[in-house]
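Asks: A single structure is presented below for examination.
The values are calculated or read from the model by the stated rules, or taken from the named source; none is laboratory data. Computed from a predicted structure; not experimentally measured. For neighbour counting, all protein chains shown are included, and Cβ atoms are generated from backbone atoms with ideal geometry for every residue, glycine included. Areas reflect the complete protein model, heavy atoms only, side chains present, ligands, DNA and RNA absent. Shrake-Rupley method; radii C 1.70, N 1.55, O 1.52, S 1.80 Å.
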Amino acid sequence: MRADAVRGHLDGLLLAVLEPGPLHGYAIIAAVQQRSGGALELRTGTIYPALNRLERLGLLSSSWQSSGERRRRCYELTDAGRQTLAGERSAWNEFTAAIGSVLNPAAPPGLPT
């Protein structure tokens with residue numbers, strides 16, 4: 001899938017994979033890839049600036065967690081992030097319905113299908 005296909009939807013993708021609970025950056029990348037069946041491969045250079053921006057906006061919070069000797073910054077949704085995710089989902093559903101109605105138009109009423 002083209003990288004530009006994700007543009008404009010990255011925030012929603014990140015918020016959605018964080019909905020179940022906190023994850024560190026590489027786990028977020030893996031979750032997006034796994035949920036998309038391998039179609040979406042996000043790069044660290046894309047993810048971390050977006051996570052930092054979402055945190056500055058108050059949609060995510062983060063904390064350092066240790067796993068053995070490794071320290072990782074874990075991100076989780078705030079209440080504002082959950083509200084934003086609900087809005088992203090609604091907007092996505094409207095968008096896909098509109099595009100779907102153009103690409104796959106239904107037969108006009110009264111005409112055989």
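Asks: Counting only protein heavy atoms and using a 1.4 Å probe, what share of the accessible area of region 1-70 belongs to carbon plus sulfur, as a whole percent?
Replies: Carbon and sulfur: 50 percent of the exposed surface of region 1-70.
Asks: Follow-up question, since we're still on this one. Take the Cα coordinates of the chain, assign each an equal point scatterer, and use the Debye formula without solvent to give log10 I(q)/I(0) at q = 0.11, 0.19 Å⁻¹.
Replies: -0.44, -1.02
Asks: Give the long-range amide H neighbours of Leu60: residues separated by 5 or more places, or on another chain, with amide H under 5 Å away, using H modelled in the peptide plane at 1.01 Å from N.
Replies: Sorted by chain and number, the residues that satisfy this are Glu55, Thr78.
Asks: Can I ask one more? If one takes the longest principal axis of the Cα atoms in the chain, at what angle in degrees, from 0 to 90 and to the nearest 10, does the Cα axis of helix 79-103 lie?
Replies: The angle comes out at about 30 degrees.
Asks: If you don't mind, there's one more thing I want to ask. How much net charge surrounds Thr84 when only the other residues with a Cβ under 12 Å from the Cβ of Thr84 are counted, with Lys and Arg +1 and Asp and Glu -1?
Replies: It works out to a net charge of -2.
Asks: Just to confirm a number: summing +1 for Lys and Arg and -1 for Asp and Glu over residues other than Gly25 whose beta-carbon lies under 15 angstrom from that of Gly25, what do you get?
Replies: +3
Asks: Report the net charge of residues surrounding Leu54, where surrounding means a beta-carbon distance below 15 angstrom and charges are Lys +1, Arg +1, Asp -1, Glu -1.
Replies: -2
Asks: Okay, next question. Between Leu40, Leu77, Trp64, whose Cα lies farthest towards the positive end of the dipole of region 3-89 when Lys and Arg beta carbons carry +1 and Asp and Glu beta carbons carry -1, centred on the Cα centre?
Replies: About the Cα centre, the residue reaching furthest to the positive side is Trp64.
Asks: Solvent-accessible area per residue for the chain at a 1.4 Å probe radius, Å²?
Replies: 68 Å²
Asks: What GluC sites (Glu not before Pro) in region 20-113 are in a loop by DSSP, with at most 16 other Cβ atoms within 10 Å of the Cβ?
Replies: Filter output for region 20-113: Glu41, Glu69.
Asks: Same structure, new question: Which value, in debye to the nearest 20, gives the size of the charge dipole of the chain about its Cα centre, when Lys and Arg are +1 and Asp and Glu are -1 at the Cβ?
Replies: Charge dipole of the chain: 340 debye, to the nearest 20.
Asks: Still on this model: Which trypsin sites (Lys or Arg not before Pro) in region 28-113 sit in a loop by DSSP (not H, G, I, E or B) and have at most 15 other Cβ atoms within 10 Å of their own Cβ?
Replies: Arg43
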